[in-house]
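Data block below; observations after.
The values are calculated or read from the model by the stated rules, or taken from the named source; none is laboratory data. Keep in mind that what you see is a predicted model, and the values were worked out from it rather than measured. With ideal geometry, Cβ positions are generated from the backbone for all residues, glycine too; neighbour counts draw on all protein chains shown.
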Amino acid sequence: MTSNGYADGTVILLVGTKRGLFLLSSKDRRSWSIDRSTLLPSRVFFASLDQRSSPRIFAADNGSFFGSFLRYSDDFGETWKEPEKGIQFSEESGRTLANIWIVQPGRDSEPEVVYAGVDPGSLWRSEDRGVTWEMNQGLESHPTRERWGPGAGGLCLHSIVADPTNSSRMWVGISAVGCIRTDDGGQSWEFANRNTRAGFLPDPYVEYGQCIHRLIQHPDNPDVLYQQNHCGVYRTKNGAKDWEEVTEGLPSEFGFPIALDYHNPETIFVIAEDPEPRCNFPDRFVVYRSENAGDTWERKSTGLPAGEQVRLGVLRHGMCSDRLDPCGVYVGTNTGQLFASNDRGESWQMVTDFLPPIYSVQAAVIGQ
């Protein structure tokens with residue numbers, strides 16, 4: 001069985017960059033080919049492949065001059081379509097769409113549902129695989145919304161975690177608001193930031209105002225989530241009723257992405273950065289791995305560049321893992337390098353050194 005020429009088991013990397021979307025593929029996770037470059041010269045903040053029925057790629061296409069658009073492709077990027085009813089604020093709202101930050105397929109139990117998160121801080125849902133979109137009114141009308149403040153990248157809703165075991169429960173991450181949870185299908189939302197720090201505020205343990213950078217969920221235990229924050233790495237074991245910091249052992253509390261090993265989900269990966277230049281520390285570029293949910297950390301750098309001249313940064317969606325065993329881990333930098341590991345981060349290879357600045361890397365395995 002093949003999908004647009006891709007054999008089952010092929011790993012596809014969807015790489016969103018400052019100059020378009022690139023698709024890379026590999027059958028063995030050792031040799032890679034760049035198969036297509038599409039949506040040029042758009043700023044693609046995020047792209048994902050939905051395989052719940054027929055394959056469909058969704059992309060967040062944020063033009064520099066002509067606006068932001070959600071696009072989708074049913075032929076792996078050969079052609080693209082726009083929604084019949086897209087993501088657009090009404091004139092009455094007085095708000096305008098700044099950027100689309102994430103487009104993410106919903107639960108397996110709801111194969112037509114897709115979610116999108118945008119700046120200014122709103123959640124959108126499609127029930128027909130992206131053809132028409134509606135804004136979540138519960139989050140839009142949150143009583144504190146007028147006091148929400150943006151992070152450096154804007155008031156961006158960048159992380160969406162839909163509980164696969166409970167269709168009423170979901171978490172989102174908004175910078176710089178924090179983690180927010182709904183338990184009633186999006187009708188109402190409550191902050192879920194207890195014990196996470198906002199060290200840049202006079203009171204670091206505020207109810208909201210935390211600059212969450214990325215939020216992910218344990219695949220087997222939906223009450224367990226991890227986040228990389230402006231002020232540390234955190235985990236929760238109770239659905240984000242409270243959080244525990246697990247930054248100790250890292251050289252910095254600052255970083256953007258976080259990923260996990262789906263077959264060993266206590267294994268998580270982060271990239272700790274020097275917070276001022278927002279790049280690696282001077283000795284070398286390092287991925288940090290914990291095999292005990294953040295209790296201890298180890299440096300993984302075999303095959304990654306080293307030296308005083310190395311200054312690589314990774315954005316919030318610039319790291320991901322695949323669902324093979326052992327898992328592959330993929331890192332794209334804001335200077336255009338793409339690194340891959342096929343052994344859970346033990347060793348790395350540079351896949352490309354010539355892409356535009358990378359905003360996002362998402363991995364999919366054809367047929368899974």
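Taking the range 351-368 on its own, how many of its residues are β-branched (V, I, T) and over 10 Å from Q337 (Cβ atoms)?
The number of residues fulfilling the criteria is 3.
Residues of the range 193-235 being surrounded by 24 or more Cβ atoms within 10 Å (Cβ to Cβ) and either polar (S, T, N, Q) or farther than 23 Å from V314 by Cα (or both), which ones?
Within the range 193-235, N193, T196, Q210, Q227, Q228, N229 meet the criteria.
Surrounded by 19 or more Cβ atoms within 10 Å (Cβ to Cβ), in contact with a strand residue (DSSP E or B) (Cβ under 9 Å, 6 or more places away or on another chain) and at positive phi: does that describe G328?
For G328, the condition - surrounded by 19 or more Cβ atoms within 10 Å (Cβ to Cβ), in contact with a strand residue (DSSP E or B) (Cβ under 9 Å, 6 or more places away or on another chain) and at positive phi - is not met.
Do any strands (runs of 3 or more DSSP E) entirely within the range 220-273 hold 1 or more residues that are among the acidic types (D, E) and modelled with pLDDT of 95 or more, and if so, which?
258-261, 264-270
Of the residues S53, S48, which is touching a strand residue (DSSP E or B) at 6+ places or on another chain (Cβ under 9 Å), closer than 30 Å to G186 by Cα and either outside any strand (DSSP E or B) or among the small types (G, A, S) (or both)?
S48
When you go through (1) touching a Phe, Trp or Tyr at 6+ places or on another chain (Cβ under 7 Å); (2) modelled with pLDDT of 95 or more one by one for N280, which number turns out not to apply?
Condition (1) is where N280 drops out.
Is it the case that V361 is within 16 Å of the chain's Cα centre (by Cα), in a strand (DSSP E or B) and of a type in the set (A, V, I, L, M)?
Working: within 16 Å of the chain's Cα centre (by Cα): yes; in a strand (DSSP E or B): yes; of a type in the set (A, V, I, L, M): yes.
For V361, the condition - within 16 Å of the chain's Cα centre (by Cα), in a strand (DSSP E or B) and of a type in the set (A, V, I, L, M) - is met.
Okay, residues lined up against (1) buried (at least 19 other Cβ atoms within 10 Å of the Cβ); (2) more than 20 Å from E134 (Cβ to Cβ); (3) in contact (Cβ under 8 Å) with a residue 40 or more places away in the chain; (4) in contact with a helix residue (DSSP H, G or I) (Cβ under 6 Å, 6 or more places away or on another chain):
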position: S54; (1), (2), (3), (4): no, yes, no, no
position: I57; (1), (2), (3), (4): yes, yes, yes, no
position: N62; (1), (2), (3), (4): yes, yes, no, no
position: F66; (1), (2), (3), (4): no, yes, no, no
position: L70; (1), (2), (3), (4): yes, no, yes, no
position: E82; (1), (2), (3), (4): no, no, no, no
position: Q88; (1), (2), (3), (4): no, no, no, no
position: E92; (1), (2), (3), (4): no, no, no, no
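Going by the structure shown, is D261 charged (D, E, K, R) and touching a strand residue (DSSP E or B) at 6+ places or on another chain (Cβ under 7 Å)? Steps first, please.
On the way: charged (D, E, K, R): yes; touching a strand residue (DSSP E or B) at 6+ places or on another chain (Cβ under 7 Å): yes.
Against the criterion (charged (D, E, K, R) and touching a strand residue (DSSP E or B) at 6+ places or on another chain (Cβ under 7 Å)), D261 qualifies.
Could you go through the range 202-217 and let me know if any residue there is touching a residue at least 24 places away in the same chain (Cβ under 8 Å), in contact with an Asp or Glu (Cβ under 8 Å, 6 or more places away or on another chain) and not hydrophobic (A, V, I, L, M, F, W, C).
yes
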